[in-house]
Structure formats: C-alpha cells, structure tokens
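Enquirer: Once you've had a glance at the structure underneath, I'll fire off some questions.
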Amino acid sequence: MRKIDFEAHFFTREHLKALAENEHYPKLVHAEDEEKRRIWHTPDVAQPYGNPLLDALSDTGWKRIAKMDACGVNIQILSVSAPSIDQLEPEIGTELARQANNTLFEVIREHPDRFKGYAVLAPKAPEEAADELERAVKELGFVGWNTHSNLAGAYLDEERFLPIFARAEKLQVPIYLHPTVPAMPQIRTYGFAIAGAAFGFGMEAAMTAMRLIYSGLFDRHPRLQFILGHLGEGLPFIIKRIDWAYVRPFDPAARPKIEKRPSEYLRSNFYVSTSGNYFEPAFVCAREAMGVDKILLGTDYPYEDSEECIRFIESLALSRDQKEMIYCGNASRLGIEA
C-alpha cells in the first residue's frame, strides 16, 4: 500500500543564512552550546533548535529516505519549514523563495520517485508570488503551495493576496495552510510552550481558515482546495458551532456576506492531514465531520515521529480500503499520484 506524506519539512542553507542575518524577526540566534540555539519567531517567542532537529531539516538525502523506508512512506511532499520565507519582506523573500524552489527542484530531480514539492512564495509581492507559483508548477513540476497562518502579522484574507489564489485555482493545485506562531500578542505571554505547536499553532491556523471562509474567497474561487494539518486544527470539533453566526444572526443584516454556511466551505474546500494529532477520538471526530475521503497522510517530519504516525493509522478501526484512501487514494483527487 503506497503512502504519500503531505507534510514534511526542510531548510535550505540560504534560508538559514537569511534567518541568521535578519535584523528583525524571525531570526536564528546561534550559541556555542547547541542546546541554547534558538529561532526567535517574535521578540517573545523562541523555539529551540538543537543539532538533531537542524540536521534532520537540512538533510534531503539518504538519511531522510532511510527514515521514510522505516515506516513505509514512499513519497514526501517537501515544504520549507516555519519560520518560512513568507515571513520575510519581499526585498529579501522574493529571490530567496526562487532559490529555495530551485534547490527543491534539484532534490526532486535526484530522487524523483521519493520527493515532490510545494512552492514557497513571498506573498507580500503578490503578482511576483503568483508568477513564481506558476513557474514552480509548470516548469519545476511542484504540486502545490505551502503557506503559513500569518505572514509576519499580515493575513491571507487581505485583498492584496487575491492574485495568488486566482493563480492557484487556475493551476488547480492545493494550498497547504501550515501554522506558525500567532500574531496575537496575548497568546505569546508564555513563549513557545503555548504559542507553539501545543496550542497557539492550531488556534492561529483555525482562525486563518475561518477568515478565508468569511472573506468570501471560496465564492470568488470555488475550486480552491486547502489542506489543514493536525486533523483540521480543531475545526472538525466545532463544525456545527461555526455556522452559528450564519444560521442564527438574530438580525438578518448581521449575517456574514457569504453564499453558504461556513461548514459547507470547510467540507468542500478543505482537506485535513493526520500530522501530529494521534488521538483516536480526534480522528473519529475529523472522520465524522469531514469524511474519510477528506483525510490525508501527514507525518510532520522531522518535528514529529513518522513511525508513530503510521502506527496510529494502522491501529484505527478502518478497512483496508479506508486506510488506502488516507495513504494515497485521496491524494489522487487532488491530482497527486504516488
């Protein structure tokens, strides 16, 4: 049974160098003691980056492939890790994104049967970013765009980003909406412990998805397809609740100016991946809310353990056909073949 991993991350040397030289945020701060090395996403949130993690993120060769083989993953769709290039200003990010996409193209060319790629963009220069997405898809063979839940404080539902979404719909490629440290300062009070993967990441990504829905993006571009990690960043759990303002506005004039209930957009324009959420009741909730045909394999390598992910899926009370849908069958509905 072939397996396509929709969430696997890497860094390029140029990206790390840019983070180390960045005068603002995010920035990589080196230390003589590697356990004290940090990436500062914001002035109040620092993420530890010891050698094992940094080495794994920097490796796109046989060591990574050996990890894939150990758990039976045939293909990783690689994306530039957060804090990504989309957090940088376009004066730096536009060229850096192009370099990173070219680097990823070479990685895929060396191992074409093991890797595919998501484009990284510098969205604050929207027209250039849309052109780079088209180049990445048409010339480099990439299968989508990986973006983040905020772009150094800006949000994807802003009008200026519409050209990128229009191009993604035209190219018929999915967009992986990956979390990053929230822009909201109150969630950063206790640093990465709450602002990071344990809580803040999911909250931010869920809010961004809801902003995109309420912005009317999917009325303008109904064929757009997004992917949310971690079994939907909590949205399947509140899928009924998110319709409240639409179905019970009390004053009809207060109803959001969208054509359908928010839950309908969640079901029609979003997939979810398994990355980093290995709790059976959470999976059951996502399956019941979204349908098994909307669940994709995601391991969140190397931040999470890929073998744990596969063991979790294998432990679920699913038929062989349902597991195959998650591992690779649903990918084909997005035009991605194993």
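The values are calculated or read from the model by the stated rules, or taken from the named source; none is laboratory data. Note that this is a predicted model, so its numbers are computed, not measured. Glycine also receives a Cβ, built like all others from the backbone with ideal geometry; neighbour counts cover every protein chain displayed.
Enquirer: In segment 2-58, what residues are out of contact with any helix residue (DSSP H, G or I) (no Cβ under 7 Å at 6 or more places or on another chain), assigned to a strand (DSSP E or B) and of a type in the set (Gly, Ala, Ser)?
Expert: Result: 8, single match.
Enquirer: Find the residue count for segment 104-129, including only residues that are farther than 18 Å from residue 90 by Cβ and outside any loop (DSSP other than H, G, I, E, B).
Expert: Result for segment 104-129: 11.
Enquirer: Of all the residues that make up segment 59-103, how many are assigned to a helix (DSSP H, G or I) and in contact with a Ser or Thr (Cβ under 8 Å, 6 or more places away or on another chain)?
Expert: Total satisfying the criteria: 9.
Enquirer: May I ask you to verify whether residue 96 is under 22 Å from residue 13 (Cβ atoms), over 17 Å from the mean Cα position of the chain (by Cα) and either of a type in the set (Asp, Glu) or modelled with pLDDT of 95 or more (or both)?
Expert: Values: under 22 Å from residue 13 (Cβ atoms): yes; over 17 Å from the mean Cα position of the chain (by Cα): yes; either of a type in the set (Asp, Glu) or modelled with pLDDT of 95 or more (or both): yes.
Yes, satisfied.
Enquirer: If we keep just the residues of segment 34-54 that are β-branched (Val, Ile, Thr) and out of contact with any strand residue (DSSP E or B) (no Cβ under 9 Å at 6 or more places or on another chain), which is farthest from residue 183 (Cα to Cα)?
Expert: Filtering first and then ranking leaves 45.
Enquirer: Against the condition modelled with pLDDT of 95 or more, surrounded by fewer than 22 Cβ atoms within 10 Å (Cβ to Cβ) and out of contact with any strand residue (DSSP E or B) (no Cβ under 9 Å at 6 or more places or on another chain), how does residue 210 come out, does it pass?
Expert: yes
Enquirer: OK, next. Since residue 304 meets every condition but one in (1) more than 20 Å from the chain's Cα centre (by Cα); (2) part of a loop (DSSP other than H, G, I, E, B); (3) within 23 Å of residue 175 (Cβ to Cβ), which condition does it not meet?
Expert: Every listed condition holds for residue 304 apart from (1).
Enquirer: If you scan segment 258-289, which residues turn out to be among the basic types (Lys, Arg) and in contact with an Asp or Glu (Cβ under 7 Å, 6 or more places away or on another chain)?
Expert: Across segment 258-289, the qualifying residue is only 261.
Enquirer: Quickly run through segment 145-167 and pick out the residues that are buried (at least 17 other Cβ atoms within 10 Å of the Cβ) and at positive phi.
Expert: Answer for segment 145-167, where residues must be buried (at least 17 other Cβ atoms within 10 Å of the Cβ) and at positive phi: just 152.
Enquirer: Could you please give the count of residues in segment 4-20 that are of a type in the set (Ser, Thr, Tyr) and surrounded by fewer than 21 Cβ atoms within 10 Å (Cβ to Cβ)?
Expert: Matching residues across segment 4-20 total 0.
Enquirer: Taking the residues in segment 276-308 that are under 30 Å from residue 51 (Cβ atoms) and in contact with a Phe, Trp or Tyr (Cβ under 8 Å, 6 or more places away or on another chain) as candidates, determine which candidate is surrounded by the fewest Cβ atoms within 10 Å (Cβ to Cβ).
Expert: Filtering first and then ranking leaves 308.
Enquirer: Kindly indicate whether any position in segment 147-157 is in contact (Cβ under 8 Å) with a residue 12 or more places away in the chain, assigned to a helix (DSSP H, G or I) and not basic (Lys, Arg).
Expert: no
Enquirer: Considering only residues that are touching a Leu at 6+ places or on another chain (Cβ under 8 Å) and of a type in the set (A, V, I, L, M, F, W, C), look in segment 174-188 and name the one that is surrounded by the most Cβ atoms within 10 Å (Cβ to Cβ).
Expert: 175
Enquirer: Out of 115, 105, which single residue is surrounded by 21 or more Cβ atoms within 10 Å (Cβ to Cβ), within 14 Å of residue 140 (Cα to Cα) and of a type in the set (Phe, Trp, Tyr)?
Expert: Exactly one residue qualifies, and that residue is 115.
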